[in-house]
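To start, the structure itself, in structure tokens.
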Amino acid sequence: MASSNIELNVKNPTFVATYASWVGGFPGANGAPGFTQDADGDGVPNGVEHILGTSPAARSVGLYEFTKLPSSAVKFRHSLSNSIIAGITHSYQWSTDLVNWHSSGQTNAGNTNVTITPVTVVNTAAPALDTVEVTATVNSGPNVKLFVRLRAAQ
């Protein structure tokens with residue numbers, strides 16, 4: 001029996017993930033695939049679903065475990081994807097009126113100043129999800145209602 005040698009060279013094409021390829025992987029999101037749309041109607045925009053590592057085609061909890069702390073602060077948790085697509089970022093914002101949103105450390109027109117501090121409390125290897133605990137502390141200003149959100153940008 002004659003032997004033969006076969007040499008096989010395989011080149012892996014570079015796959016660059018895009019938001020369109022990510023959302024396309026969820027057939028239920030096809031009716032509303034936009035970054036700011038909410039395909040599953042759960043109040044969490046598709047872009048934020050990507051940051052959270054949740055499905056835009058199935059309801060998700062978004063932010064959870066809200067706790068009011070005695071030190072003029074609130075604390076909550078959320079999942080965080082270990083596979084965020086390049087060019088998509090996230091940040092936290094606060095508001096006292098749900099109209100005017102501010103970044104951590106900014107002071108609003110009513111002289112309220114809030115610091116938002118995220119800390120990863122459960123760090124798992126990709127492609128699993130991390131858990132982030134976020135604390136929003138009122139540094140100064142009058143006693144007001146405080147709203148905090150996770151924002152995704154493309």
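The values are calculated or read from the model by the stated rules, or taken from the named source; none is laboratory data. Every value quoted in this text rests on a predicted model; they were computed, and no experiment measured them. Counting neighbours? That spans all protein chains shown, and the Cβs are built from the backbone with ideal geometry, glycine included.
Testing SER81 on (1) at pLDDT 95 or above; (2) within 19 Å of SER60 (Cα to Cα), one condition comes back false. Which one is that? Checking SER81 against (1) at pLDDT 95 or above; (2) within 19 Å of SER60 (Cα to Cα), the one that fails is (1).
All of (1) within 20 Å of GLN154 (Cβ to Cβ); (2) at pLDDT below 95 hold for PRO127 with one exception: (1). Tallying residues that are surrounded by 13 or more Cβ atoms within 10 Å (Cβ to Cβ) and under 16 Å from the mean Cα position of the chain (by Cα) within the range 107-153 yields 17. The number of residues in the range 23-56 being of a type in the set (Val, Ile, Thr) and touching a residue at least 40 places away in the same chain (Cβ under 8 Å) comes to 2.
Note on the range 105-124: residues that are assigned to a strand (DSSP E or B) and at pLDDT 95 or above amount to 8.
Residues in the range 92-105 that are polar (S, T, N, Q), surrounded by 14 or more Cβ atoms within 10 Å (Cβ to Cβ) and more than 12 Å from LYS145 (Cβ to Cβ): 2 in all.
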